[in-house]
Amino acid sequence: MNDSYWMQLALDEARLAAGLTSPNPAVGAVVVKDGRLIGRGHHRRAGLPHAEPEALAACSEDPRGATLYVTLEPCCTRGRTPPCTQAVIKAGISRVVYGITDPNPAHAGAGLEVLRQAGVEVAGPVLPEECWALNHAFFKWISTARPWVHLKLATTLDGRIATASGQSRWITGPAARARVQEFRRLADAIVVGGDTCRLDDPSLRVEDPEWPKQPKRLIWTRRPESLSPDLKVFRSDDGAAARCLQADSAAEWDGILAALAAQGVTRLLCEGGGSLAASLLAAGCVDQVSWFIAPKILGGAGSRPAVAGTDPSSLDAAWQLQGRRHEVIGDDFLIEGFLGKAWQRPGT
């Protein structure tokens, strides 16, 4: 078995807490000795022990002389928990294999150097693309002080999100809606347009009653007074009642995103509608697009488009998705990709 195999196990471990560690990254670690897995662990919540000490504490035998596989470079500074490099050295680990380096330019490589100075062999990066994909929101947040913006849209084949009167439930099927629930679990905040709230009355909640965390709820609207206080998003039983915001220009959106990042929001999920999607795209804020397409043709000149806004003068104005992937989900299709600098991976 090679380093990639064990790193994949560490990634599997990290995914167990994906969406629960924010604003910290989801990190997993495994300890291997003489070709045998003797310990595994992951970071469970911000403020709790990191993946490395969790894996070391779970070891079934003395980890001295073993290899530690960890998806992110071990930290070497004290925050809410002690530095992980200290725990690794104290445990007598002889080799550390990392997935990707710390995205913070002030810390990148520092933990690895501490380990080398202590006589620990360091190898990596291993599976850096997979490790980046697991925490791309954290990587952007820590390096730019802005959240990752994920735009989700669901349309008919002819690109419509609703009838002329605003009816939109349901364009896609249960499987697609279940995937959106996965997106919500990963999000620290969700934003929708005012019309979406008025017409659909979404809760913007994670529907799983066992899920311990709910995202902040935001409404993009120029007319907050028109929103009924009885809408589901304003119910504050979980302490996360929605608040309204307004932004049109790139500068206004940047200010809002900076404020959200300062509140610990690493990932913002936009669930539409068309005017909000157009505003975010025009401002250059969108990092990731997830576009569900139902095998339906709605028709009608007045039916609502997925992306509204001003009319482009040529096809050259189109936003081009990078790193595209597609998937069949139930009866629907999902196309995903990245926009702008989101496609640029950090240094490894």
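Any idea which residue in the range 27-46 is farthest from Trp132 (Cα to Cα), counting only those that are crowded, with 21+ Cβ neighbours inside 10 Å and of a type in the set (Val, Ile, Thr)?
Ranking the qualifying residues of the range 27-46, first place goes to Val32.
Sort through Arg185, Arg169, Arg179 and tell me the only one that's among the charged types (D, E, K, R), surrounded by fewer than 22 Cβ atoms within 10 Å (Cβ to Cβ), closer than 19 Å to Phe292 by Cβ and over 23 Å from the mean Cα position of the chain (by Cα).
Answer to the check: Arg169.
Give the range 47-65 a look and list any residue that's over 23 Å from the mean Cα position of the chain (by Cα), surrounded by fewer than 24 Cβ atoms within 10 Å (Cβ to Cβ) and of a type in the set (Gly, Ala, Ser), or say none.
Selection gives Ala57, Ala58, Ser60, Gly65.
Of all residues being in a loop (DSSP other than H, G, I, E, B) and of a type in the set (D, E, K, R) in the range 215-238, which is modelled with the lowest pLDDT? Just the residue, please.
My answer is Asp238.
Give the number of residues within the range 189-214 that are acidic (Asp, Glu) and either in a helix (DSSP H, G or I) or out of contact with any helix residue (DSSP H, G or I) (no Cβ under 9 Å at 6 or more places or on another chain) (or both).
The qualifying residues number 3.
Would you check if Asn24 is among the polar types (S, T, N, Q), open to solvent by 10 Å² or more (accessible area, probe 1.4 Å) and over 22 Å from Thr266 (Cβ atoms)?
Taking the combined requirement at face value, the residue does not satisfy it.
Being among the small types (Gly, Ala, Ser) and within 27 Å of Ile335 (Cα to Cα) is the filter here; which residues of the range 100-154 pass it?
The answer is Ala133, Ala137, Ala154.
Within the range 188-232, count every residue that is of a type outside the set (Asp, Glu) and farther than 20 Å from Ala154 by Cα.
Result for the range 188-232: 17.
What strands (runs of 3 or more DSSP E) lie completely within the range 85-188 and have 2 or more residues being in contact (Cβ under 8 Å) with a residue 60 or more places away in the chain and under 27 Å from Leu260 (Cα atoms)?
148-155
Hey, does the range 102-109 have a residue that's surrounded by 18 or more Cβ atoms within 10 Å (Cβ to Cβ) and modelled with pLDDT under 95?
Yes, because at least one residue in the range 102-109 is surrounded by 18 or more Cβ atoms within 10 Å (Cβ to Cβ) and modelled with pLDDT under 95.
Can you give me the number of residues within the range 200-246 that are touching a residue at least 24 places away in the same chain (Cβ under 8 Å) and under 22 Å from Pro23 (Cβ atoms)?
18
Mind checking which strands (runs of 3 or more DSSP E) fall wholly inside the range 1-80 and carry at least 1 residues that are out of contact with any strand residue (DSSP E or B) (no Cβ under 6 Å at 6 or more places or on another chain)?
Ranges flagged: 28-33, 36-42.
The values are calculated or read from the model by the stated rules, or taken from the named source; none is laboratory data. As the structure is a computational prediction, the values presented were derived from the model and not from experiment. Neighbour counts run over all protein chains shown; Cβ positions are idealised from the backbone, glycine included. The protein model used for the area step is the full one, side chains on, heavy atoms only, and it has no ligands, DNA or RNA in it. Shrake-Rupley method; radii C 1.70, N 1.55, O 1.52, S 1.80 Å.
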